[in-house]
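Asks: Mind looking over this structure? Questions follow.
The values are calculated or read from the model by the stated rules, or taken from the named source; none is laboratory data. Predicted model, so just to flag it, every value in this text is computed and none were measured. Here the Cβ is made from the backbone with ideal geometry for all residues, glycine too, and neighbour counts use every protein chain on show.
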Amino acid sequence: MRIIISPAKKMRVDTDTLAWHDLPCMIDRAEVLYDKLASMSYDELKRLWKCNDAIAALNVERLHNSDLRIRLTPAILSYEGIQYQYMAPGVFTDEQLIYVQEHLRILSGLYGVVRPFDGVTPYRLEMQAKLPIEGAKDLYGFWGSAIADQLYQETDCIINLASKEYSVCVSRHQKPGTRFITCVFGEEKDGKVVEKGTLCKMARGEMVRYLAEANAKSPEAMKDFACLNYVFSPAHSDESTYVFLQKKSQDSEE
């Protein structure tokens, strides 16, 4: 079983808390992308990144003063988004860190597939970026089936806690005889399950933590998840989609 999650735009450097173990398994392909970015002008990068001047300046400085092989931070500590805050890897036990290293995989526009203790450097490159390279019109074309191929070499069961921007790199290349289970965190409104972005990110982080604490070996373990007022809904779920609905508090019902 492998759990896939998205990266976060906000990243930090931490070379002291924990040591990184290995380089990402697709580092050679990452360097092709990094060299392409380094060859682009400030204006080209700002358009690619779709960001303001402050963010563009920070990431251009990083691009020209970083190296993908030295002064690295373990990925699990480098990403700082909401999902990672609720996962709270900084307070994982040794056993939980071992668990996520084996089971958790971060999907990245730059690195492809990243293990928690792979060393990374701060970068900005979303998977949906329109970056023409090596005859491909964008990163989906550049990576092709490589991300899915890597994951399915490791397992025949994938738990999808990633956003669609990243999960499609795997779902569109699913291998025969494998399981790909997407977790949905929402609330029921007018007969439909509605997801809210921030709450989903929070729940995804909590789910990773829950699975690590439970030392879960199968996706069925997720059905007992009960954090942030979410509960598994058998009526809304099937073999490829696990739906968790947020219960209304007593205060809102009164």
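Asks: Where residues in the range 1-10 are touching a strand residue (DSSP E or B) at 6+ places or on another chain (Cβ under 6 Å) and surrounded by fewer than 21 Cβ atoms within 10 Å (Cβ to Cβ), which of them is farthest from Ala162 (Cα to Cα)?
Replies: By that ranking, first place goes to Met1.
Asks: Suppose the filter is more than 19 Å from Gln128 (Cα to Cα), of a type outside the set (A, V, I, L, M, F, W, C) and without any contact (Cβ under 8 Å) to a residue 12 or more places away in the chain; does Glu195 pass it?
Replies: yes
Asks: Assess whether Lys164 counts as being of a type in the set (Lys, Arg), modelled with pLDDT of 95 or more, surrounded by fewer than 18 Cβ atoms within 10 Å (Cβ to Cβ) and closer than 29 Å to Glu195 by Cα.
Replies: yes
Asks: Still on this model: Here is a list of conditions, (1) surrounded by fewer than 18 Cβ atoms within 10 Å (Cβ to Cβ); (2) touching a strand residue (DSSP E or B) at 6+ places or on another chain (Cβ under 9 Å), and Ala136 meets all of them except one; can you say which number that is?
Replies: (2)
Asks: It is to be established whether one or more residues within the range 112-130 are charged (D, E, K, R) and farther than 19 Å from Met11 by Cβ.
Replies: The answer is yes, given that some residue of the range 112-130 is charged (D, E, K, R) and farther than 19 Å from Met11 by Cβ.
Asks: Among the numbered criteria (1) touching a residue at least 60 places away in the same chain (Cβ under 8 Å); (2) part of a loop (DSSP other than H, G, I, E, B); (3) of a type in the set (A, V, I, L, M), which one does Ala226 miss?
Replies: (1)
Asks: (1) surrounded by 15 or more Cβ atoms within 10 Å (Cβ to Cβ); (2) part of a loop (DSSP other than H, G, I, E, B); (3) not polar (S, T, N, Q): which one isn't true of Lys217, the others all being true?
Replies: (1)
Asks: Out of the residues in the range 45-75 that are more than 23 Å from Arg115 (Cβ to Cβ) and of a type in the set (D, E, K, R), which is surrounded by the most Cβ atoms within 10 Å (Cβ to Cβ)?
Replies: Once the filter is applied, the top-ranked residue is Lys46.
Asks: If Lys189 satisfies every condition in (1) of a type in the set (Lys, Arg); (2) free of Cβ contacts under 8 Å to residues at least 60 places away in the same chain; (3) buried (at least 20 other Cβ atoms within 10 Å of the Cβ) but one, which is the exception?
Replies: Every condition holds for Lys189 apart from (3).
Asks: Can you tell me which of (1) modelled with pLDDT of 95 or more; (2) surrounded by fewer than 17 Cβ atoms within 10 Å (Cβ to Cβ); (3) of a type outside the set (D, E, K, R); (4) farther than 30 Å from Gly90 by Cβ is the one Phe142 doesn't meet?
Replies: Just one mismatch for Phe142, condition (2).
Asks: If I go through the range 30-44 residue by residue, how many of them are closer than 21 Å to Phe142 by Cβ and either hydroxyl-bearing (Ser, Thr, Tyr) or crowded, with 18+ Cβ neighbours inside 10 Å (or both)?
Replies: 6
Residue by residue, here is whether (1) in contact (Cβ under 8 Å) with a residue 12 or more places away in the chain; (2) on the phi < 0 side of the Ramachandran plot; (3) not small (Gly, Ala, Ser) holds:
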position	(1), (2), (3)
Glu44	no, yes, yes
Leu63	yes, yes, yes
Leu72	yes, yes, yes
Ala75	yes, yes, no
Tyr79	yes, yes, yes
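Asks: Just checking, which of Asp53, Asp14, Asp67 is at pLDDT below 95 and in contact with a helix residue (DSSP H, G or I) (Cβ under 8 Å, 6 or more places away or on another chain)?
Replies: Among Asp53, Asp14, Asp67, only Asp14 is at pLDDT below 95 and in contact with a helix residue (DSSP H, G or I) (Cβ under 8 Å, 6 or more places away or on another chain).
Asks: Being modelled with pLDDT of 95 or more, surrounded by fewer than 23 Cβ atoms within 10 Å (Cβ to Cβ) and under 25 Å from Ser237 (Cα atoms) is true for just one of Ile98, Ile159, Ile181. Which residue is that?
Replies: Ile181
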